[in-house]
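The values are calculated or read from the model by the stated rules, or taken from the named source; none is laboratory data. The structure displayed is predicted, hence computed values, not measured ones. Counting neighbours? That spans all protein chains shown, and the Cβs are built from the backbone with ideal geometry, glycine included. Side chains included, ligands, DNA and RNA excluded: accessible areas come from the protein's heavy atoms. Shrake-Rupley method; radii C 1.70, N 1.55, O 1.52, S 1.80 Å.
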Amino acid sequence: MREKLLPYGRQSLDEDDIQSVVETLRSDWLTTGPKVGEFEEAFADWVGARHAVSFSSGTAALHGAAFAAGVGPGDEVVTTPLTFCATANCVLYQGATPVFADVADDTLNLDPRKVAKKISPCTKAIIAVDYAGHPAALDELRRIAEKTGAVLIEDACHALGAEFHGKRVGSLADMTVFSFHPVKHLTTGEGGMVTTDSPRLAETLRRFRNHGISSEARDRQEAGQWFYEMVLLGFNYRLTDIACALGLSQMGKLEANLTRRREIAREYARAFRDFPGVETDADFPVTLPAVREGVNPAWHLYPIRLNLEALSVGRSEIFRALRAENIGVNVHYIPVHLHPYYRERFPVTAREGSFPIAESAYERLISLPMFHAMSDEDVSDVVRAIHKVIGYYVKDERLHALESGHSGYKHV
Ligand SMILES: Cc1ncc(COP(=O)(O)O)c(C=O)c1O
């Protein structure tokens, strides 16, 4: 057993990251300065989009995308229930209604056939989530969006660096949203970004994150002008120069971070192909994350699903036993429609049983530790603990006969 808890995700910062923040702290601009544009340009370039607009968080970036898509009262936005609540909340911020569609059983991403069924004359946008870092079915969703006039927003908060048929996510939807929370591939503490190829959307996003003001403070200062106008109702959702300096420095490590995450995913997949004592597919105790043809995931998370039929206990016992081994497993996610706020606000559409694939996945999901700073030893610790705990609870009389006298898993 490990001595210290291995978290499911964690940032890694080097001395040069710290140095670039310190340099900005000593500069003239703590916010609305040159680092913002530099970070946005480098980011747009890396993901292959024409424009990148930074925000103070992924949540603020989603709000900006919903606003720029023109989502407003009376509109509907189709999205997935199997996500962090911020994905759907941005629709509510705009006074519109989130309409959930169930996910596909392999990737747990929005199922385009279910999306098509939820399109109505009120549908203004579709928000797809790249769950765990596996891109959504973007080509089919794009076809639905084009046919119905909906704006396609990709919540790629899990998927910076993921590839879909040879292209990085960032320019495959009308707008793509990223998060720079510490558990992500790159961090600015809190932070987010929207990328787009549309100059019109980029301009709206820039204004929205700056109170709806039509010009930037630094441009006015450099031009020796004071005059500005507010042209729409925006917010202060700006990302500081301090954060952007960190983001720029972290970008230099992005490729290496992705490579490491992909190595860890490969090692997990290799190690969990076998379980001690498990001989047939029917007894196999876990389902590993699927990777579709033509996709290279970014592995923000490594969510396994427990095959409860092959196990003698439920998810909570396995979760507790893994935590007792100091493996910081987590669960992503409680389906959004099952949160008390959504149940109360949408008693008809947010009922339990409405989205059976997402709900069944939720009962079985456990996210294993996955972050780029994990050492080989950390990975081995996770593998050993999973084999030990899940192997113990496999419904196999032959295995349990060896443990006679045991009434349960011993947390030692
Ligand atoms: C899918 C998804 N969307 C949006 C967000 C919100 O991002 P942030 O925490 O940067 O506000 C998260 C956060 O982890 C997320 O997982």
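So here's what we get for this one:
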read-out	value
In region 371-403, the residues that are acidic (D, E), open to solvent by 30 Å² or more (accessible area, probe 1.4 Å) and either modelled with pLDDT under 95 or in contact with a Lys or Arg (Cβ under 6 Å, 6 or more places away or on another chain) (or both)	E397, E403
Residue within region 192-200 that is modelled with pLDDT of 95 or more, under 30 Å from K388 (Cα atoms), in a helix (DSSP H, G or I) and open to solvent by 70 Å² or more (accessible area, probe 1.4 Å) present	no
Checking P297 against (1) within 16 Å of the ligand (Cβ to nearest atom); (2) in contact with a His (Cβ under 6 Å, 6 or more places away or on another chain); (3) open to solvent by 30 Å² or more (accessible area, probe 1.4 Å), the condition it does not meet	(3)
Meets criteria (part of a strand (DSSP E or B), open to solvent by less than 30 Å² (accessible area, probe 1.4 Å) and within 16 Å of the ligand (Cβ to nearest atom)) for T187	no
Any hit, region 51-59, residues being modelled with pLDDT of 95 or more, within 22 Å of R168 (Cα to Cα) and more than 16 Å from the ligand (Cβ to nearest atom)	yes
Tally of residues being under 20 Å from E190 (Cβ atoms) and either of a type in the set (K, R) or surrounded by 20 or more Cβ atoms within 10 Å (Cβ to Cβ) (or both) across region 22-32	1
Matching residues, region 90-138, being assigned to a loop (DSSP other than H, G, I, E, B), open to solvent by less than 20 Å² (accessible area, probe 1.4 Å) and within 22 Å of L365 (Cβ to Cβ)	A101, D102, A104, T107, L108, N109, D111, D130, H134, P135, A136, A137
Residue check for S215: assigned to a loop (DSSP other than H, G, I, E, B), touching a residue at least 60 places away in the same chain (Cβ under 8 Å), more than 16 Å from the ligand (Cβ to nearest atom) and not hydrophobic (A, V, I, L, M, F, W, C)	no
Which listed residue is free of Cβ contacts under 8 Å to residues at least 60 places away in the same chain, touching a Phe, Trp or Tyr at 6+ places or on another chain (Cβ under 9 Å) and within 22 Å of A68 (Cβ to Cβ), from C157, C122, C90	C90
